[in-house]
Amino acid sequence: MAGEEILQDNRTVEQIVDGMSLFDDDLMSMVFDGNIEATELLLKIILKKDDIQVISVVGQRELQSPVVGGRDIRLDILVKDSTGKHYNVEVQQKPEGAHIRRARFNSSMMDSRMLRAGQEFSELQDSYMVFITRTDIFKRGIPIYTINRHFEETNELFDDGSHIVYVNGNYKGDDTIGRLMHDFGCKEAKDMYYPELAKGVKHFKEEGGRERMCEAVEKYAKDYAKEYAKEYAENARLNSLLESIKNLMESMKWSAEQAMTAMKISEADKAVLLKEL
């Protein structure tokens with residue numbers, strides 16, 4: 001969505017909220033934040049485990065990299081159950097948002113926070129990285145893809161406690177996961193199968209939580225507009241440098257390196273500009 005367009009008037013924000021479903025991470029995070037009943041339902045259906053007892057669920061949790069300059073991540077929902085297992089559940093509209101190496105990265109970020117100083121590695125609890133994707137990104141036509149490590153030579157399970165699960169949001173079977181994905185795509189609570197989910201969607205789209213939802217959309221628009229403006233300014237700066245370099249190369253018969261050295265261009269900018277020359 002374009003930040004400038006969203007900020008034009010309140011009606012536009014209202015229309016965006018009306019069109020949201022649980023496949024939109026802002027709504028999904030709000031509906032599940034602190035909502036143990038809905039979260040247990042979600043995990044029990046996806047993981048096919050009836051004994052999951054959720055003790056905490058937090059929406060929009062940011063995890064900072066332990067490395068200076070490393071990449072931080074923001075989790076849609078972070079869950080802990082009564083046995084100490086951790087779950088990260090993400091919704092993604094586009095396949096690139098659920099890249100298989102992102103699953104690995106998110107999983108490692110969760111794991112790195114589970115042990116305190118002095119604890120044994122054997123005390124590390126299981127972790128589940130769950131992606132609910134709008135489309136069937138692996139194109140096998142099945143509802144759930146479960147990834148666990150195995151010994152290649154014997155095909156036995158390498159039970160290190162790390163689990164990655166992809167849910168096909170395009171699955172339309174007449175079963176629990178099919179109904180769950182149907183509910184994720186609903187824009188109105190009245191059309192949903194599961195009351196645990198419908199209650200949260202109704203609150204944030206039709207009742208007292210709607211104002212908060214509208215504020216979240218507007219904040220996203222403002223943040224987007226700021227990032228767009230910064231990116232636009234940076235592109236304009238680099239384009240100006242690029243034009244100057246080309247002019248020097250043509251008029252002085254210099255190489256790109258000579259032109260950039262004469263202009264005292266930083267090494268970081270050089271790396272970017274060389275790709276364009």
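Here are the numbers for the structure shown:
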| quantity | calculated |
| --- | --- |
| Distance in nm between pseudo-label sites at residue 18 and residue 83 (7 Å out along the Cβ direction from Cα) | 4.6 |
| Whole-number percent relative contact order across segment 137-277, with pairs defined as alpha carbons under 8 Å at least 6 apart | 10 |
| For the chain, alpha-carbon Rg and Dmax in angstrom | 23.5, 75 |
| Value of relative contact order over segment 1-125, rounded to a whole percent, pairs C-alpha under 8 Å and six or more apart | 18 |
| Crossing angle, helix 36-47 versus the chain [Cα axis fit, 0-90 degrees, rounded to tens] | 80 |
| Fluctuation leader among 25, 126, 72 - the chain, Gaussian network, Cα springs under 10 angstrom | 72 |
| About the Cα centre, charge dipole magnitude for segment 169-277 (Lys/Arg +1, Asp/Glu -1 at Cβ), debye | 160 |
| Average Cα contact separation per residue, the chain, under 8 Å, 6 or more apart, as relative contact order % | 18 |
| Within-15-Å neighbourhood charge of residue 187 [Cβ basis; K, R +1; D, E -1] | -3 |
| Most positive-pole-ward Cα, 192, 122, 242, against dipole of segment 115-249 from beta carbon charges | 242 |
| Value at 222 nm in deg cm²/dmol, rounded to 500, when DSSP H runs of n ≥ 4 in the chain each add -39,500 (n - 2.57) | -14000 deg cm²/dmol |
| Antiparallel %, DSSP beta bridges [both residues in the chain], to 5 | 55 |
| For the chain: accessible area per residue (Å², 1.4 Å) | 60 |
| The chain - charge dipole about Cα centre, Lys and Arg +1 at Cβ, Asp and Glu -1, debye rounded to 20 | 500 |
| Histogram of C-alpha separations across segment 33-120, 5 Å bin width, % | 3, 12, 21, 23, 21, 13, 5, 2, 0 |
| For a label point 7 Å along the Cα-to-beta-carbon line of residue 123, residues of segment 65-84 with backbone N under 14 Å | 84 |
| Theoretical gain in end-to-end length, residue 99 to residue 158 [0.36 nm per residue, Cα-Cα removed] | 19.0 nm |
| Amide hydrogen neighbours beyond the local backbone of residue 34, cut-off 5 Å, H modeled | 57, 58, 59 |
| Candidates 242, 43, 22, ranked by Gaussian network fluctuation over the chain, Cα under 10 Å, top entry | 242 |
| Selected from 209, 161, 69 as most flexible by GNM, with the chain as the system and alpha-carbon contacts under 10 Å | 69 |
| Mean Cβ neighbour count within 10 Å, used as a protection proxy, ranking 88-100, 257-269 highest first | 88-100, 257-269 |
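The values are calculated or read from the model by the stated rules, or taken from the named source; none is laboratory data. These figures come from a predicted structure and were not determined experimentally. Glycine gets a Cβ as well: all are built from the backbone with ideal geometry, and neighbour counts include every protein chain shown. Please note that ligands, DNA and RNA were not included when accessible areas were found on the heavy atoms of the full protein model with its side chains. Shrake-Rupley method; radii C 1.70, N 1.55, O 1.52, S 1.80 Å.
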